[in-house]
Amino acid sequence: MGNGNSVGYFVRINMLYLKSRRIQLFAMLVAIFFVYFVLWRSLFFIHFYGFDSDYKVDELVHAFYLGVKFDLRLALIVLFPAFFCAALPKFSFVRSKVTASVVQLYLSLVTVLVTIFYMIDFGYYAYLGERVDASILRFAETPLISLQMVWESYPVIWQALFVAALFILCGRLFARIFRLIEKPAVVVLKAQKAVGIVLASIAVLYGLIGKIDGIRLESVTVLRWSEAYFANDIAVAAVALNPVLFFVDTYDNRGHAYDEEIVKSTYPMIRKYLGLESVDSASRTEPDYLRELNEPAPADLVHPMDKPPNIVLIMLESLGANRLGVFGNSLNPTPNLDALARKSHFFPHFFVPSSGTARTVFGKMTGIPDVSFGQTTASRNPRFVDQQTVVGSLDNYEKFYFLGGSANWANIRAVLVNNIEGLHLFEEGNWKSENVDVWGISDRNLFIESHELLMQRDRSKPFFAVIQTAANHRPFTIPDDDSGFEKVDVSSEEAERNGFLSADQFNAIRLLDFNVNFYFQELVKQSDYADNTLFLLYGDHNDKSKPSPHLKEDDQLNLFKHHVPFIIYAPTILRENRVIETPMSLVDMLPSTAFLAGLPYQNTTLGRNIYAVDEAESYVIVHGGDRRNRPTIGLRGKQFYLQMLYDGERSSLHKLGSDNVKEDVQKQYPEKAAAMKELLLGLYHTATYMMYNNNKSVN
C-alpha cells in the first residue's frame, strides 16, 4: 500500500468519530439554534437599520460579526442540558426514550422562551432605542400597568398564536431530528472517540470564549458585552449585543457610587460653578453647597407684583425639540406651542440630564441630575428618596401634583410626598373621568379636573402645581370625545422624514398641542389665576426618533433624547418676550423660576438661576448611552460639547455649529478639553454624592 493510501486510510479510520450519532445530533442542533439566532439578529438589523443606514459600513459589519459570535455562545449554552443528558451512563437519550422525550420537550420550550425574549427585545428597542437588559424588571413593580400597556400597544393575540404554532412546529422538528439516534451504532475505538471528544471540546470552548488573542493560555480572554461598544456609539453597539446574554450580564449590576477623591478635589471648582465663595477643599470634612437666596423680583424682567405669583409646571410627555415647528419641523405639528414660545421666555438650548420620565421627575424636584448607574432610577432607590428640594422651601405655598395615572409607577409617589410637605397628590382613583388607556384619564380631562381643583383652592395662599400629561406615549391613544380634535392623514414615510416614528405619534403630539391650547384658551383665560401665574411648559425627555433633518447636530451627537422645549409663559408678569440662548438644564428650572418670582428659597444642589449665569460659562450635563453598565456622560456648552465614558475614557470634544460636528477637536483645543473634562467629572461625581447626601435631615 502506498504512502498516500496509508495516510488516507489513517485519516478515514480516525475520522470515524464523525459518524457518532451523538456528535451528528449535536452538530445539527447547534447549527439549528445558531442559524435561528442569527436570523433574529438579521431581522433586527433590517427592521431598525436597513441597508441605507447613515452609520459607517465597516462599523456595522464588525458589530454584526461580534453579534454572530454572541449568538453561537447562546446556542451552545442553551444546549448544555442536552449535552448533559447525552453523557448519562444509563439514562442517556441514546438508550432511553423517556430521556429523549424530555430533551425534546426542553428544546421546544427553550426555543419558545428565547423567541419570546427576542420579541420583547424588539418591542423594547422600538420603545426606548435600547436593547433589553435587567432594567426591564422594573416594570414588574407595577405589573398591571405594564401588562395593560403591552396589551394596548402590541398585537398580543397574534403573537401568542405565533408562539403556540412555533411550539408545535418545534416538537415535530426535534422529534424528527432525534430519529438519528435510532440508526445502528457505528463501532468507534476508544482512541478515535478520544480524538472526537478533544476536538469537539476545543470547538465548544472556542464558541464559548468567542475570541483568541494568542496561543498562550494566559493570553486567552473571553469576548464580553463591553466589546460591543467599540465604536463609542450605542446604536452600533445594539447591532452586536445579544439580548438574552446582555440581560444575564446586566442582572447582577448593582450600580456605582461616587468617587470621594474626585468630589473632594473638584469641590472648590464646583462651588465656583454654583456661585459660592471659594474654599479650601481640605478645610471641611463634608462639602457644603447651601445657597440661601432672598432677592426681590428682577425689575428688568418682570412687572411689579403685589403678591407672590402662582407657579404651574406643565410636563409635556416625551416631547423633544425635534417635534416642534418652532425648531424647524416642517409638518407644523405644534402651532399652539410655537405661538406660546414666541410670546414668552423661550429657551432653545434646554436639555434634560437623563432621558426618562422618572429621571426627569427626580431631577426637576431635587435639582440633582439623575445619574443613577445600574438597573434602576433614583426614584426607585430607597436611599435617594429623602431629599432637600427648592419646592420644599417655598413657604406658604399650597402645593399640588396632578397626573392621570398612578403615582406608584417608578416609585415617584415617595419622591413627591416624602419631600414636599403638605403636597396634594391627585392620581388614578381621584378622578371623575374614566381611564382611556394604561396611563389613566385623557390629557383633556386631566386639564379640566386639575383646573376645577385649582379653582377650589385656598385663595389666601399662592399655589405651586404640576400637571403631568401622558397622551404622547405608547399606545398614542386618541380619545373618542367631543373635543373637536381631528387626526391628520400623513404617510408613514413623511412622518419619519420629520423625525416621527409613525403617523400615530405625529397625531399624538398634535393632540397634546391641541389640549394645551384648550387649557389656556378655554380654562385659564376665564380663571382668577390667569394674570398672576408663571406657566412653565417643558418636555420631560424625547423618545426614540427617526433622523431629523432640521436638528442634525442633536442626532449626530446623540443629544436628541435630551434636547426638549422649555417655555415660561406669563404675559401679564414678564415685561417682554425673550429668546434666551444660554444653555440651560432641567435642574436650573426651579431656581430660575424662584428668582423671577422674587421668592426666598434654599438651594443645596446643582440647579442654578440661569438669568444670573454668563452665557459663555453655562454648561449642561447629560447622562446616557449604556446607563446600566458603562454610561456616557457629556457636557454641553455654548460652543463645545465634550463626551466620554463615566470613568473618563474615550473622551471627545466637538465644535458646535461646525461643518463636521462629529470630528474630535481635542488636539486643536487641548486646554478647553481638559477644563471641560475636569468640570464634567466634578459635576458627575458631585451629582452622585448629592443623591446620597442631600437629605433634609442634614441640610
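The values are calculated or read from the model by the stated rules, or taken from the named source; none is laboratory data. These figures come from a predicted structure and were not determined experimentally. Glycine also receives a Cβ, built like all others from the backbone with ideal geometry; neighbour counts cover every protein chain displayed. Remember, those area values only see protein heavy atoms, side chains included, never the ligands or the DNA or RNA. Shrake-Rupley method; radii C 1.70, N 1.55, O 1.52, S 1.80 Å.
With the condition being open to solvent by 20 Å² or more (accessible area, probe 1.4 Å) and not acidic (Asp, Glu), I'd like the strands (runs of 3 or more DSSP E) fully within the range 627-666 carrying at least 2 qualifying residues.
Values: elements: 630-636, 640-645, 652-655.
Those strands (runs of 3 or more DSSP E) span 630-636.
Looking only at the range 187-209, count every residue that is among the aliphatic types (A, V, I, L, M) and either modelled with pLDDT under 80 or more than 39 Å from the chain's Cα centre (by Cα) (or both) and tell me the total. Walk me through it before giving the result.
Going through the range 187-209, the residues among the aliphatic types (A, V, I, L, M) turn out to be 187-189, 191, 194-195, 197-200, 202-205, 208-209.
From the residues that got through so far, the ones that are either modelled with pLDDT under 80 or more than 39 Å from the chain's Cα centre (by Cα) (or both) too are 187-189, 191, 194-195, 197-200, 202.
Of the residues in the range 187-209, 11 are among the aliphatic types (A, V, I, L, M) and either modelled with pLDDT under 80 or more than 39 Å from the chain's Cα centre (by Cα) (or both).
Can you tell me which residues in the range 581-590 are in a loop (DSSP other than H, G, I, E, B) and buried (at least 22 other Cβ atoms within 10 Å of the Cβ)?
First, pick out the residues of the range 581-590 that are in a loop (DSSP other than H, G, I, E, B): 581-583.
The one that is in a loop (DSSP other than H, G, I, E, B) and buried (at least 22 other Cβ atoms within 10 Å of the Cβ): Pro583.
For the subset of the range 534-553 comprising residues that are closer than 20 Å to Ala126 by Cβ and open to solvent by 10 Å² or more (accessible area, probe 1.4 Å), which member is modelled with the highest pLDDT?
My answer is His541.
Asp531 passes all but one of (1) within 28 Å of the chain's Cα centre (by Cα); (2) open to solvent by 20 Å² or more (accessible area, probe 1.4 Å); (3) farther than 23 Å from Asp614 by Cα; which number fails?
For Asp531, the exception is condition (1).
Residues Tyr569, Tyr611, Tyr601: which one is farther than 23 Å from Asp664 by Cα, among the aromatic types (Phe, Trp, Tyr) and open to solvent by 40 Å² or more (accessible area, probe 1.4 Å)?
On the way: Tyr569 fails: open to solvent by 40 Å² or more (accessible area, probe 1.4 Å); Tyr601 fails: open to solvent by 40 Å² or more (accessible area, probe 1.4 Å).
Checking each option against the conditions leaves just Tyr611.
I need the full set of residues from the range 95-121 which are more than 20 Å from Cys170 (Cβ to Cβ) and open to solvent by 30 Å² or more (accessible area, probe 1.4 Å), in order please. Give the derivation first.
First pass over the range 95-121, keeping only residues more than 20 Å from Cys170 (Cβ to Cβ): 95-96.
Once the filter is applied, which keeps residues that are more than 20 Å from Cys170 (Cβ to Cβ) and open to solvent by 30 Å² or more (accessible area, probe 1.4 Å), the range 95-121 yields only Arg95.
Given the criterion open to solvent by 40 Å² or more (accessible area, probe 1.4 Å) and touching a helix residue (DSSP H, G or I) at 6+ places or on another chain (Cβ under 6 Å), identify the matching residue among Asn430, Asn411. Reasoning before the result, please.
On the way: Asn430 fails: touching a helix residue (DSSP H, G or I) at 6+ places or on another chain (Cβ under 6 Å).
On inspection, the qualifying residue turns out to be Asn411.
In this structure, does Arg575 turn out to be more than 29 Å from Glu486 (Cβ to Cβ) and basic (Lys, Arg)?
On the way: more than 29 Å from Glu486 (Cβ to Cβ): yes; basic (Lys, Arg): yes.
So Arg575 passes the test.
Within the range 216-230, identify whether any single residue is farther than 30 Å from Trp40 by Cβ and either at pLDDT 65 or above or among the polar types (S, T, N, Q) (or both), and answer yes or no. Step through it out loud before you land on a result.
From the range 216-230, those farther than 30 Å from Trp40 by Cβ are 216-219; that's our starting set.
Keeping just the survivors that are either at pLDDT 65 or above or among the polar types (S, T, N, Q) (or both) gives 219.
Taking every residue of the range 216-230 in turn, at least one turns out to be farther than 30 Å from Trp40 by Cβ and either at pLDDT 65 or above or among the polar types (S, T, N, Q) (or both).
Examine the range 484-499 for a residue that is open to solvent by less than 20 Å² (accessible area, probe 1.4 Å), more than 30 Å from Gly598 (Cβ to Cβ) and outside any helix (DSSP H, G or I), and state whether such a residue exists. Talk me through it step by step, then tell me what you get.
Of the residues in the range 484-499, the ones open to solvent by less than 20 Å² (accessible area, probe 1.4 Å) are 495, 498-499.
If we keep only those that are more than 30 Å from Gly598 (Cβ to Cβ) too, we end up with 495, 498-499.
If we keep only those that are outside any helix (DSSP H, G or I) as well, we get 498-499.
The answer is yes; a qualifying residue exists.
Report yes if some residue within the range 274-295 is crowded, with 20+ Cβ neighbours inside 10 Å and in a helix (DSSP H, G or I); otherwise report no.
Among the residues of the range 274-295, not one is crowded, with 20+ Cβ neighbours inside 10 Å and in a helix (DSSP H, G or I), which makes the answer no.
Of the residues that make up the range 368-386, is at least one of a type in the set (A, V, I, L, M), modelled with pLDDT of 90 or more and open to solvent by less than 10 Å² (accessible area, probe 1.4 Å)? Break it down into steps so the answer makes sense when it comes.
We begin by selecting, within the range 368-386, every residue of a type in the set (A, V, I, L, M); these are 368, 371, 378, 385.
In the following step, the residues that additionally are modelled with pLDDT of 90 or more were identified as 368, 371.
Those left that are additionally open to solvent by less than 10 Å² (accessible area, probe 1.4 Å): 368, 371.
Yes, some residue in the range 368-386 is of a type in the set (A, V, I, L, M), modelled with pLDDT of 90 or more and open to solvent by less than 10 Å² (accessible area, probe 1.4 Å).
Suppose the filter is farther than 19 Å from Ala339 by Cβ, buried (at least 19 other Cβ atoms within 10 Å of the Cβ), among the β-branched types (Val, Ile, Thr) and touching a helix residue (DSSP H, G or I) at 6+ places or on another chain (Cβ under 9 Å); does Thr593 pass it?
Working: farther than 19 Å from Ala339 by Cβ: yes; buried (at least 19 other Cβ atoms within 10 Å of the Cβ): yes; among the β-branched types (Val, Ile, Thr): yes; touching a helix residue (DSSP H, G or I) at 6+ places or on another chain (Cβ under 9 Å): no.
No, not satisfied.
Pairs only if they're at least six apart or on different chains, beta carbon under 8 angstrom, first in the range 295-313 and farther than 17 Å from Val391 by Cα, second open to solvent by 40 Å² or more (accessible area, probe 1.4 Å) and among the aliphatic types (A, V, I, L, M); list them, first residue then second.
Hits for this filter: Ala297/Met305.
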